[in-house]
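Reading through the structure tokens given below for one structure.
A short reminder: the numbers here are calculations on the coordinates, not readings from a lab. Here the structure is a predicted model, which is why all the values come from computation and not from measurement. Here the Cβ positions follow ideal geometry from the backbone for every residue, glycine too, while neighbour counts run over all protein chains shown.
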Amino acid sequence: MASPVLADKPAVTPLPGRRRRPGSGRRDHVIGWLLIAPAVIYFVIFLLYPALAALYYSFTDWNLRSAPNWVGPANYFDLLFDDVRYPHFWKSIRVTLQYTLIAVPLTLVTALAQALLINTIRRGSNLFRLLLFLPVVTAEAAVGAIWRWLYDPQYGLVNSFLGLFGIPGQNWLNTPELVIPALSFIAAWQCGISMIIYLAGLKGIPDSIREAAIIDGAGPVQRFRRIVVPMLRPTTFYLLVTGVIAALQVFGLVYVIFSGGGGRSVTGGPEQSGLTYVLHLYLFAFRYDAMGAACAMSFILFLFIMIITALQFRFVKQEAS
């Protein structure tokens, strides 16, 4: 026998569903394609087509003036094994790796130090953030000119500062052993983007964790080691991957600093000590009329970056702990 309470309740009738107009799905599909069309067109014209064209030209002998001559994988084999035709290829790789090994850690340490300092400032933090970010938005030509003056062996402020501590001045840009450290200091000076990202990571650490650590008697060094560093591990991993990719492609700064005489005598510094890989690639493309070899160099760099990035994802811890 049914319950009288349930029997007296009126039956609930569902609301009628909203009917879709005929053809509305097709119209939404067309609108979606129209919205992404600018991005697709940009990708095809300015990214995909140049990449495919460069891949084709990497198998040719081309000087930008005559028709390309198909040579197959000869460019790749010559770059890797022909020291007579390409005597500085492996040196440019060594220079780039040295720069990456010094510049990336130095940049991360500098960015983290700046972020920690700004995070402790209660008033005026926006002003300091702006001042530290200015080197990022400054034109590379201006940055190169400024640092060429700062590194001047006679009038540069770097040697003047070292002289205050009794350290003899150095000829930074004309001493092969000092070229890579000098370029790495400039990279660390331009760490504004990494500083902003680190600062956002610091803001994301809950205050309750810091307060609990203080109550437990943890000092500043212990809080940094046990809380800040582990909690910033995903941020550090992201900056490490992007920093390595950027360092392996460094070009503009090196070109400006070592382009004396209006850019007509670029050699990469004394004894090619600053001849980075992309600078070497540029010289082959636009100075030595070997665009085919330059395209092959670009794809060798692409594969190398992919391998390095995959190794980082494989062996570097990414999760916060």
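In loop segments of segment 103-173 as defined by DSSP, the chymotrypsin sites (Phe, Trp or Tyr not before Pro) with at most 13 further C-beta atoms inside 10 Å of their C-beta are Tyr155, Phe165. Look at Asp152, Asp207 and count the other Cβ atoms within 10 Å of each Cβ; fewest to most, that gives Asp207, Asp152.
Sorting Leu311, Leu112, Leu301, Leu164 by the number of Cβ atoms found within 10 Å of their own Cβ, with the fewest placed first, yields Leu164, Leu311, Leu301, Leu112.
Of Asp82, Asp61, the sequence from fewest to most neighbouring Cβ atoms within 10 angstrom is Asp82, Asp61. Only one of (i) 58, 42, 33; (ii) 80, 45, 35; (iii) 102, 66, 35 was calculated from the structure for Cα extents along the principal axes in Å, and its label is (iii). Using θ = phi - 60° in the Karplus curve 6.51 cos²θ - 1.76 cosθ + 1.60, the 3J(HN,Hα) couplings for segment 99-110 round to 4, 5, 5, 9, 5, 5, x, 5, 5, 5, 5, 5 Hz; x is entered for Gly and Pro. With R₀ fixed at 41 Å, the C-beta to C-beta distance from Asp28 to Asp289 puts the FRET efficiency at about 0.20.
Label positions at Leu35 and Ser259, each projected 7 Å from the Cα along the C-beta direction, are separated by 4.1 nm. From the square roots a ≥ b ≥ c of the eigenvalues of the alpha-carbon gyration tensor of segment 21-140, which class results: rounded (a/c under 1.5), prolate (a/b over b/c), or oblate? It comes out oblate by the Cα gyration axes. Just round it to a whole percent: the fraction of Cα-Cα distances in segment 29-79 exceeding 15 Å. Across segment 29-79, Cα pairs with separations above 15 Å total 61 percent. The amide H of Asp61, built 1.01 Å from its N in the peptide plane, has Asn69, Trp70, Val71 as neighbours under 5 Å, considering only residues 5 or more places off or on other chains.
Between Ile45 and Met306, the modelled label-to-label distance comes to 2.8 nm, taking each label 7 Å out from Cα in the direction of the beta carbon. Relative contact order, whole percent, for segment 32-152 stands at 8, derived from Cα pairs under 8 Å and 6 or more residues apart. Of the peptides 247-259, 87-99, the order by per-residue mean of other Cβ atoms within 10 Å, starting with the highest, comes out as 247-259, 87-99.
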